[in-house]
Amino acid sequence: MKTIFDDIQQSVQQAFPSLFGCEVELHSITINETLKEFEGDITLVVFPLLKLSKKKPEETAEIIGKFLIENHASIASYNVIKGFLNLVLKDDFWISFITSTNKPTIPSKNETVLIEYSSPNTNKPIHLGHVRNNVLGYALAGIFKANGYPTIKANLINDRGIHICKSMLAWQKFGNGETPENAGMKGDKLVGKYYVEFDKHYKQEIENLIQQGKTKEEAEKQAPIFLEAQAMLLKWENGDQEIVDLWKRMNAWVYAGFEKTYKNLGVDFDKYYYESNTYLLGKDIVDEGLQKGVFYKKENGSVWIDLSADGLDEKLVLRADGTSVYITQDLGTADLKYKDFKMNRSIYVVGNEQDYHFKVLKLILQKLGRPYADGIQHYSYGMVDLPSGKMKSREGTVVDADDLMDDMIVAAKEQTEALGKIDDFSEEEKQALFKTIGLGALKFFLLRVDPKKRILFDPKESIDLHGYTGPFVQYTYARTRSILRKAIEIKTSETTQNFSNYQLHSTEKELIKTLYRYAIVLGDSCKEMNPAKLVDFAYELAKTFNKFYNDCPILAAQKEEEKYFRLLLNEQSGETIKKCFAIVGIDVPERM
RNA sequence: GGUCGCGUAGCUCAGGGGAUAGAGCAACUGCCUUCUAAGCAGUCGGUCGCACGUUCGAUUCGUGCCGCGAUCACCA
C-alpha cells in the first residue's frame, strides 16, 4: 500500500534536482511520524540532505517545506525546528481516510508459503514451550495470509524412534492394560506417564550397574531396559505385527489427546506429516549426495558432509548401521513438502536451540542443488522460562498446556464474575466468554514479546487483565460494540453526511492517525515476521480509542455531524482491533 | 574453547543513526447521577552492561571486554 509517507518521500526525490541541482537517493530522505510534543503529522529530517543541498539545515527545510505546500494538496502548513521539517496535514486528508468507502485492498501474491509448526513428539503431552510454538506458528501463518500469500500450515509429527519405544515398552511392562478410558486420562498424558516411568527404571538400572563397577557411559548403554527398547525399535522397523499394533494403539491415544488440546488452543493445520512415513525418504538423498560427491563415506560405513568451509563442522547424515538420524529424515521431508506444494518459501517454526541444525539442513539442500533450498527459513524463537528457572520435563517443572489453559479460564471467570457485568448471560455464553478472555490473555502474553527473544512466563502476570494485555484490548472492542448497539437502538445510523467542514478534535486526529498505521504495520509484521508488531499495534489502538472515548462523547456529542463522525471512528476502531486479533488467532467478545 | 543470541526504569518488555529514550506492572494522587472504571489523567522511577571507534549526530552501527543463555552427539 502506498502511504502519504511514500508519497512525500517520492515527490521530494523528484523535485530535488530542481530545488538543489542534484539527484538524491530515496533512502536518504528520512520521513517519520512527528513526535507528539511537536506540531505536525509528518517529519522530514533534513540532516542527511545537507551535503547535497549545500545549505544550512533551516534553509534546506524551508525550501522543501515551501515546495511541498505548493505541490501537495494534503499539506496544510509546516514548521521548522532545527533540522526537522514538520508537516501538518489538512484535516480533509484524515477525514477522507475515514469516510472513504473503497479502502485499498491487499493484492494477492503468487508466492506460496509453507509454515511448519507445532511438530510434537508423541511421547509427551504439550507444554508451555509448545504453546508458544503453536501460538507463534498460527499467528505467523495468519500474517502471511492477511498479506495475500497462499499459506499452508503443516504439522510434522515425530511419531517414531527410540523415544517412542520407551513409552511403549514401559506401558507393556508396567501398564497392566491401562487405557485412557479406564484411567480417565487424556491419551497423551497417559503415554507421557509411561515415558516418565521408563526413565525411572532406566535410571535405577544405571545406578545398579554403576554400583557393580561399570562406568556411567557403559551403564547407560548396557541397562537391560534400554537394550529392550532398542530391540523394540528394531522390531518396529522390521514391521513386527505385535509391536506395530501396540504403536498404532498408543499413538491413536496421543493423537486424540493432541486434537483436543489443539482445538482448545484454536490452532489448526492443512497438512499433517508423520515421521513414520518420511524417515526412510532421506536415505535416497544420501545416495544421491554420495554420487554427487557432496557427502562422503567413512570406513565404518557412516556417511558425512564436511561443512568446515562454511564455518561449521563435519556432520553425520547416516549412521554406520544405515539407519537415519534426525537430519536424514528432515532432508526427505523437505523434498516431500516441495513435491506436495511447490512452495516458494518453507518456514520452520522451531526453537532457537536448533539454530545449528537448520543451518546445516539448508546448507546441505543448497549443496544438493534443491530449487527450494534458498526459500528455507528457520523461524527461530526463544525458549520459555519460568520465574523459578528453566522448564525441565525430568524435574517435573513443565507447565502443562491443558492445565495452563484451564487456569487462565478460571482466572478469567473469577475476575469477570467479580465485576458482575454479565449476570444476564446464559451458562454457555459465560463459558465461551471466559475462554475468550482466558486464552486472549495467554496468547497476547506470548505474542507481545519479540519471537526471537526468550520469554519469562510469570503466571501471575499472564493472568492479569489490566494494562498491556489481551483482555484490555478485548474490553475496548466490547466497548465499541456496546456503543454500536446503542446507536442502532436510537436509530442514528444515517450514513449520508458531509464532513467537509468538520473540525477534528486532537484526540480524534490521534485516533485516525493510529488507524492509518494499520496497513503499514500489517505489512511490516509480515516483512519482519513479527506478530508482536501487530499485537502491540492493537494495544496502541485500544489505548488511543479509550482516550478518545474519554475525551469525546460519541452518542452524546453536541453536534449531529460530530456524532456521526465519531460513530464511524468507533466502528472502524472496533473492526481494526478485531482484524488484528483474528489474524493472530485471538477472539474478541461482543460484551464483557 | 569455537559459533550464535541476549544485556534499556525495582520487575516484564517496546524502540533501533535523528528532537527531551517509551509502555505495562508495582507504589502514590485525582476522575463513575452522563456511551462498559477490565477505563482515563497524573506523580515517582533511566550513566540504554563497560570502553574505544565511525558519524554533523550513537541507546541504535563496528571492534574489544564483562555478564547471562543456547549450541558444537552414530539424541531428536
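Pick from A:Asn546, A:Asn530: which is closer than 23 Å to A:Trp94 by Cβ, surrounded by fewer than 23 Cβ atoms within 10 Å (Cβ to Cβ) and within 14 Å of RNA strand B (Cβ to nearest atom)? Talk me through it step by step, then tell me what you get.
Details: A:Asn530 fails: closer than 23 Å to A:Trp94 by Cβ.
None of the others qualify; the one that does is A:Asn546.
When segment A:293-309 is filtered for residues that are closer than 15 Å to A:Val360 by Cα, surrounded by 14 or more Cβ atoms within 10 Å (Cβ to Cβ) and out of contact with any Gly (no Cβ under 6 Å at 6 or more places or on another chain), the ones remaining, listed by number, are A:Val294, A:Val303, A:Trp304, A:Ile305, A:Leu307.
Of the listed requirements (1) modelled with pLDDT of 95 or more; (2) open to solvent by 40 Å² or more (accessible area, probe 1.4 Å); (3) over 16 Å from A:Ala532 (Cβ atoms), A:Asp423 misses just one: (1). Checking each residue in segment A:374-409 for being more than 30 Å from A:Cys526 (Cβ to Cβ) and hydroxyl-bearing (Ser, Thr, Tyr) picks out A:Ser388, A:Ser393, A:Thr397. Listed by first and then second residue, the pairs with beta-carbon distance under 6 Å, at least 6 apart or on different chains, first residue in segment A:367-394 and within 16 Å of RNA strand B (Cβ to nearest atom), second among the basic types (Lys, Arg) and not in a loop (DSSP other than H, G, I, E, B), are A:Val384/A:Arg132.
Of all residues in segment A:39-65, those satisfying the criterion of being open to solvent by 90 Å² or more (accessible area, probe 1.4 Å) and within 26 Å of A:Arg517 (Cα to Cα) are A:Glu39, A:Phe47. The residue list A:Tyr564, A:Tyr539, A:Tyr502 contains one member that is open to solvent by less than 50 Å² (accessible area, probe 1.4 Å), modelled with pLDDT under 95, hydroxyl-bearing (Ser, Thr, Tyr) and in a helix (DSSP H, G or I), which is A:Tyr564.
Here segment A:255-292 is the region considered, the condition is being within 21 Å of A:Trp236 (Cα to Cα) and acidic (Asp, Glu), and the residue that is most open to solvent (accessible area, probe 1.4 Å) is A:Asp284. Pairs are defined by a Cβ separation below 9 Å, a sequence spacing of at least 6 or placement on different chains, a first member in segment A:342-365 that is under 17 Å from A:Ile115 (Cα atoms), and a second member that is among the polar types (S, T, N, Q) and in a helix (DSSP H, G or I); the pairs so defined are A:Tyr348/A:Gln354; A:Val349/A:Asn133; A:Val349/A:Asn134; A:Val350/A:Asn133; A:Gly351/A:Asn133.
A:Lys579 passes every criterion in (1) at pLDDT below 95; (2) under 22 Å from A:Gln474 (Cβ atoms); (3) among the basic types (Lys, Arg) apart from (1).
Suppose we filter segment A:54-102 for residues that are among the hydroxyl-bearing types (Ser, Thr, Tyr) and in contact with a Ser or Thr (Cβ under 8 Å, 6 or more places away or on another chain); how many remain?
At the first step, the residues of segment A:54-102 found to be among the hydroxyl-bearing types (Ser, Thr, Tyr) are A:60, A:74, A:77-78, A:96, A:99-101.
Keeping just the survivors that are in contact with a Ser or Thr (Cβ under 8 Å, 6 or more places away or on another chain) gives A:60.
So the count comes out to 1.
Restricting attention to segment A:88-129, the residues that are part of a loop (DSSP other than H, G, I, E, B) and either open to solvent by 10 Å² or more (accessible area, probe 1.4 Å) or not aliphatic (A, V, I, L, M) (or both) total 22.
Being surrounded by 15 or more Cβ atoms within 10 Å (Cβ to Cβ) and not basic (Lys, Arg) is the filter here, so list the residues in segment A:426-436 that pass it.
As a first pass, look at segment A:426-436 and keep what is surrounded by 15 or more Cβ atoms within 10 Å (Cβ to Cβ): A:430, A:433-436.
Within segment A:426-436, A:Leu433, A:Phe434, A:Thr436 meet the criteria.
Could you please find all residues in segment A:195-213 being open to solvent by less than 80 Å² (accessible area, probe 1.4 Å) and farther than 20 Å from A:His163 by Cβ? Result: A:Asn208, A:Leu209, A:Ile210, A:Gly213.
Of all residues in segment A:505-527, those being more than 22 Å from A:Ile143 (Cβ to Cβ), surrounded by fewer than 19 Cβ atoms within 10 Å (Cβ to Cβ) and under 30 Å from the mean Cα position of the chain (by Cα) number 2.
Scanning segment A:134-165 for residues that are under 27 Å from A:Arg249 (Cβ atoms) and within 16 Å of RNA strand B (Cβ to nearest atom) returns A:Asn155, A:Leu156, A:Ile157, A:Asn158, A:Asp159, A:Arg160, A:Gly161, A:Ile162, A:His163, A:Ile164, A:Cys165.
Have a look at A:Leu569, A:Leu515 and point out the one that is in a helix (DSSP H, G or I), within 13 Å of RNA strand B (Cβ to nearest atom) and touching a residue at least 24 places away in the same chain (Cβ under 8 Å). Quick ask: steps written out before the conclusion?
Working: A:Leu515 fails: within 13 Å of RNA strand B (Cβ to nearest atom).
The conditions single out A:Leu569.
Every listed requirement among (1) over 30 Å from the mean Cα position of the chain (by Cα); (2) of a type in the set (Ser, Thr, Tyr); (3) away from RNA strand B (no atom under 13 Å from the Cβ) is met by A:Thr576 save one, (1). Set side by side, the residues A:Tyr194, A:Tyr149 differ, and just one is modelled with pLDDT of 90 or more and within 30 Å of A:Pro451 (Cα to Cα), which is A:Tyr149.
Here segment A:448-493 is the region considered, the condition is being open to solvent by less than 60 Å² (accessible area, probe 1.4 Å) and of a type in the set (Ser, Thr, Tyr), and the residue that is nearest to RNA strand B (Cβ to nearest atom) is A:Ser482.
Can you find even one residue in segment A:70-81 that is open to solvent by 20 Å² or more (accessible area, probe 1.4 Å), in contact (Cβ under 8 Å) with a residue 40 or more places away in the chain, within 8 Å of RNA strand B (Cβ to nearest atom) and out of contact with any strand residue (DSSP E or B) (no Cβ under 8 Å at 6 or more places or on another chain)?
Step one: filter segment A:70-81 for residues open to solvent by 20 Å² or more (accessible area, probe 1.4 Å), giving A:70-74, A:76-81.
Add one more test, that the residue is in contact (Cβ under 8 Å) with a residue 40 or more places away in the chain, and what stays is A:71-72, A:74, A:79, A:81.
Now drop any that are not within 8 Å of RNA strand B (Cβ to nearest atom), which leaves A:81.
Narrowing the set further to residues that are out of contact with any strand residue (DSSP E or B) (no Cβ under 8 Å at 6 or more places or on another chain) leaves A:81.
Checked segment A:70-81: at least one residue is open to solvent by 20 Å² or more (accessible area, probe 1.4 Å), in contact (Cβ under 8 Å) with a residue 40 or more places away in the chain, within 8 Å of RNA strand B (Cβ to nearest atom) and out of contact with any strand residue (DSSP E or B) (no Cβ under 8 Å at 6 or more places or on another chain).
The values are calculated or read from the model by the stated rules, or taken from the named source; none is laboratory data. If you're wondering where the values come from, they're calculated on a predicted model, not measured in any experiment. Note that each Cβ is placed from the backbone with ideal geometry, even for glycine, and that neighbours are counted across all protein chains shown. Accessible surface is based on the protein model in full, side chains and every heavy atom, while ligands, DNA and RNA are left aside. Shrake-Rupley method; radii C 1.70, N 1.55, O 1.52, S 1.80 Å.
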